[in-house]
Each structure stands twice: as structure tokens, then as C-alpha cells.
Amino acid sequence: MIKVFSAQDYIEVAFWGNYLEEQGIACQIRNDFSPKELSERGGDEPWPELWLLKVSDELDARKYLASDPLGIKEQAPWNCSYCGEESDGQFAQCWNCEQKRNI
Ligand SMILES: [Zn+2]
């Protein structure tokens with residue numbers, strides 16, 4: 001087993017887990033607490049981690065992790081014109097108040 005990825009956002013880790021599985025790389029997510037579990041634990045848990053079952057898959061996995069399957073990494077985060085919260089580039093509306101993105 002080898003850890004190849006970790007992020008605070010479980011959805012991001014789950015995305016890469018699914019993506020690697022689709023490429024034929026067996027992997028497993030650790031520390032996958034739900035937001036509810038996290039708040040019950042005081043929110044001080046380690047980030048979700050993506051582990052490969054086979055160490056020999058590491059090179060391929062890192063190649064995929066460095067790729068950009070959805071074309072989302074090119075889009076810069078943006079700030080909501082209504083509430084000022086920052087959203088990731090791939091979102092067309094504010095995660096916080098659902099205001100549409102001003103282009
Ligand atoms: Zn907003």
C-alpha cells in the first residue's frame with residue numbers, strides 16, 4: 001500500500017479514487033469521515049487520503065494525478081460578487097449563496 005494523494009476535501013479524493021479505478025488502478029480511501037462525523041469529532045481529523053493497493057501502480061497513478069481529466073485546473077477560483085466567498089473555477093454559481101457567477 002502506498003499513499004499518493006491527500007486533500008482536505010473528501011469529494012476531491014473520491015474523484016481521483018474513482019478516476020484511478022477507471023484506469024484499472026486499485027485504490028482505497030482512508031480517513032473518509034463524513035462532514036457530520038468530523039464535526040462530532042471536533043473537526044480535527046487528518047485529511048482523507050488516497051492509497052494504492054499495489055506499489056507498482058505508483059508511477060501510472062502519479063501520471064494520472066498530474067493530468068487534468070476535466071479540464072478544471074486551468075480555471076482560476078473566483079469571488080462571489082454578492083457575498084464575497086471564493087468558489088472553485090469549475091463552478092458557475094457561488095457555493096455559499098448560489099449567486100450566479102459574474103463574468
Ligand atoms: Zn456568494
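Ignoring the sites themselves, the chain has its longest run without GluC sites (Glu not before Pro) in a DSSP loop having at most 16 other Cβ atoms within 10 Å at 1-73.
In summary, the convex hull built on the alpha carbon positions of the chain has an orientation-averaged projected area of 7.7 nm².
Considering only W16, W51, W78, the Gaussian network model of the chain with Cα springs below 10 Å gives its largest mean-square fluctuation to W78. Helical content of the chain, expressed as a calculated mean residue ellipticity at 222 nm, amounts to -8000 deg cm²/dmol (DSSP H runs of 4 or more residues, -39,500 (n - 2.57) each, divided by residue number, nearest 500).
Determine the sum of side-chain charges near W95: Lys and Arg each +1, Asp and Glu each -1, restricted to other residues whose C-beta is under 14 angstrom from that of W95.
Surrounding charge for W95 is -4.
Under 5 Å from the amide H of Q99 lie the amide H atoms of C94, each residue being 5 or more positions distant or on a separate chain, with H modelled from the backbone and absent for Pro and chain starts. Ordering P48, S67, Q99 by the projection of their Cα atoms onto the charge dipole of the chain, which places +1 on the Cβ of Lys and Arg and -1 on the Cβ of Asp and Glu, puts S67 at the extreme positive end.
Given DSSP loops and a limit of at most 15 other Cβ atoms within 10 Å, what is the longest stretch of the chain that contains no such trypsin sites (Lys or Arg not before Pro)?
Values: sites that count: R41, K54, K73, R101.
The segment 1-40 is the longest one with no such site.
FYI, it's all coordinate maths here, none of it is from the lab. Everything numeric here is computed off the predicted structure, so don't read it as measured data. Neighbour counts run over all protein chains shown; Cβ positions are idealised from the backbone, glycine included.
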